[in-house]
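Report on the structure given below.
Throughout, read-outs are computed from the coordinates displayed, never taken from laboratory work. Keep in mind it's a predicted model, so treat the numbers as computed, not measured. We place every Cβ from the backbone using ideal geometry, glycine too, and count neighbours over all the protein chains shown.
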Amino acid sequence: MKVTWKLPDGREVSAEVDEGQSLMEAAVANTVPGVIGECGGCLSCATCHVYVDAAWLDRTGSVEDFEDAMLDIAAAERRPESRLSCQIEVHPDLDGLVLNVPEI
Ligand code: FES
């Protein structure tokens, strides 16, 4: 499945990603600048913050309570399309997904 990360400077990183990994793991594996994943996906850092492209919001699931709380302390501005990418698992419905990396 292909995922594209759009960077704040206009560059894009596209990669083939495996089903079952998180979008944070996929970003780190592809050295996407700005997606750090410092806590390894245990919801304690918010360094995996991304903005889901509006066209994909209905396919990326909902924000659970703890993710919601962590998004409030993310370094970049929180928006309605904000997600912690360690909490989104790659699945076939996400083929072609576009994520915007916040400027921090
Ligand atoms: S990797 Fe730390 S909250 Fe997502």
Restricting the search to segment 38-54, which residues are surrounded by fewer than 20 Cβ atoms within 10 Å (Cβ to Cβ), hydrophobic (A, V, I, L, M, F, W, C) and more than 8 Å from the ligand (Cβ to nearest atom)?
A54
Give the residues of segment 16-37 that are surrounded by fewer than 16 Cβ atoms within 10 Å (Cβ to Cβ) and either within 12 Å of L99 (Cβ to Cβ) or among the aromatic types (F, W, Y) (or both), sorted by residue number.
N30
Only one of (1) buried (at least 17 other Cβ atoms within 10 Å of the Cβ); (2) over 19 Å from V13 (Cβ atoms); (3) under 13 Å from the mean Cα position of the chain (by Cα) does not apply to L84, and that is (2)
Is segment 9-31 home to any residue that is within 16 Å of the ligand (Cβ to nearest atom), out of contact with any Ser or Thr (no Cβ under 8 Å at 6 or more places or on another chain) and under 19 Å from R78 (Cα atoms)?
no
Cβ-Cβ distance below 8 Å, separation of 6 or more or different chains: which pairs start in segment 25-53 with a residue that is farther than 12 Å from T4 by Cα and assigned to a strand (DSSP E or B) and end on one that is within 7 Å of the ligand (Cβ to nearest atom) and not aliphatic (A, V, I, L, M)?
H49/S85
